[in-house]
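Chemist: Below is a structure I'd like to ask you about.
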Amino acid sequence: MNKHSQLPAGTTSSPIYDVLRKDLVGGRFAAGEKLAINALKEHYQVGLSPLREALNKLAAYGLLIQENQRGFRVPKLTRDELDDIARLRTELEGMALERAITHGDALWEAELLAAAHRLKRADVSLDKGEEWERLHTQFHRTLVAPCGSVWLLRFIEQLHDQFDRYRRLGPKMPIIRQELDDQHHELVDLALSRDANAARALMDDHIHKSYEVALARFQAHA
């Protein structure tokens with residue numbers, strides 16, 4: 001039985017890291033906003049030491065910018081960065097999917113079907129809230145889990161978080177979003193049939209369609 005290349009547990013310093021990470025990806029803080037330490041302590045009801053440790057880790061992860069002696073700031077959003085993230089995500093996630101299809105075992109197939117089923121039940125709502133986002137992330141993680149490289153999974157997860165900062169600010173675009181929902185289940189069918197070439201081509205298109213949603217945010221503000 002193949003072991004999935006799952007990210008090691010316990011890689012975060014404290015619950016505040018996970019909460020702040022989710023809020024940064026979800027757009028709770030504006031791009032370019034400087035974070036006020038005292039306000040964060042009060043809002044999250046956390047001490048200064050664990051808060052600073054979480055902020056330092058998030059800066060190393062790329063979700064914050066640490067300014068010398070001036071605290072932390074949320075990174076700005078730029079078209080060039082979005083293009084770069086989308087390009088790298090296409091390359092790395094496509095590679096991981098091909099490897100996962102090669103190495104995935106029966107347990108992976110069962111986990112993938114379960115993740116797809118949970119996501120499908122959430123797809124009926126056009127309001128893509130936090131529960132849908134959680135299931136969506138879980139689905140994509142499961143899809144590439146047996147790729148055989150922990151480092152590849154780490155890079156993909158980081159790119160997903162950076163990409164989602166842009167995507168979640170995009171307009172609803174229901175036609176494209178419905179196509180994206182449908183593609184999740186097409187990806188499962190191709191993965192289970194072990195058609196790596198077709199699955200990678202579909203993943204490329206899937207990421208590009210999601211990129212169009214993220215890109216619309218810049219076009220709307222042009």
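Chemist: What full-extension length gain, to one decimal in nm, is calculated for SER49 and HIS208 as 0.36 nm per residue of separation minus the Cα-Cα distance? Don't jump to the answer; show the numbers that get you there.
Modeler: Values: separation 159, 0.36 × 159 = 57.24 nm, distance 4.08 nm.
Extra length available between SER49 and HIS208 comes to 53.2 nm.
Chemist: Just to compare against my own numbers: the Cα pair-distance distribution for segment 15-73, 10 Å bins, whole % per bin, please.
Modeler: Percent of Cα pairs in each bin: 23, 66, 11.
Chemist: If we count every other residue with Cβ under 14 angstrom of ALA191's Cβ, Lys/Arg +1 and Asp/Glu -1, where does the sum land? Spell out each step's value before the answer.
Modeler: On the way: positive: ARG99, ARG141, ARG194, ARG200; negative: GLU93, GLU98, ASP105, GLU109, GLU111, GLU186, ASP189, ASP195.
Spelling it out: positives minus negatives among the neighbours equals -4.
Chemist: Now for a different question. Let me spell out the model: positive unit charges on the Cβ of Lys and Arg, negative unit charges on the Cβ of Asp and Glu, origin at the Cα centre of segment 79-135. What dipole size does that give, in debye rounded to 20?
Modeler: Here segment 79-135 has a charge dipole of around 220 debye.
Chemist: A further question follows. Using a Cα distance threshold of under 29 Å, what count of lysine pairs results for the chain when pairs must be 8 or more residues apart or interchain?
Modeler: 29
Chemist: Just how far, in whole angstrom, is segment 157-187 from segment 54-109 if you go by their alpha carbon centroids?
Modeler: Here the two parts' Cα centres lie 15 Å apart.
Chemist: Here's something else I'd like to know. Please state the relative contact order of the chain as a whole percent: Cα pairs under 8 Å, 6+ residues apart?
Modeler: Normalised by residue count, the contact order of the chain is 27 percent.
Chemist: Where Lys and Arg each count +1 and Asp and Glu each count -1, what net charge lies around ALA54 among other residues with Cβ under 13 Å from its Cβ?
Modeler: Details: positive: ARG21, LYS22, LYS41, ARG52, LYS57; negative: ASP18, ASP23, GLU53.
Here the count lands on +2.
Chemist: Starting at the first residue of segment 57-62, write each ³J(HN,Hα) from the Karplus equation 6.51 cos²θ - 1.76 cosθ + 1.60 with θ = phi - 60°, in whole Hz, x for Gly and Pro.
Modeler: 5, 5, 5, 5, 6, x
Chemist: Write down the radius of gyration of the chain and its Dmax, each obtained from C-alpha positions, in Å.
Modeler: Rg and Dmax of the chain, Cα atoms, are 18.1, 55 Å.
Chemist: Same structure again: Can you list the HN-Hα couplings for segment 198-214, worked out from phi with the Karplus curve (6.51, -1.76, 1.60; θ = phi - 60°), rounded to whole Hz and with x for Gly and Pro?
Modeler: 5, 5, 5, 4, 5, 4, 4, 5, 4, 5, 5, 5, 5, 4, 4, 5, 5
Chemist: Helix-only estimate, please: 222 nm mean residue ellipticity of the chain, summing -39500 (n - 2.57) across DSSP H runs of length 4 or more and dividing by its residues, to the nearest 500. Walk me through the numbers on the way to the answer.
Modeler: Working: 9 runs with 153 residues, N = 222.
Computed mean residue ellipticity for the chain: -23000 deg cm²/dmol.
All of the numbers you see were taken from the coordinates with simple rules; none came from a lab. In this text, all values refer to a predicted model and were calculated from it rather than measured experimentally. In this analysis, Cβ positions are derived from the backbone assuming ideal geometry, glycine residues included, and neighbour counts consider all displayed protein chains.
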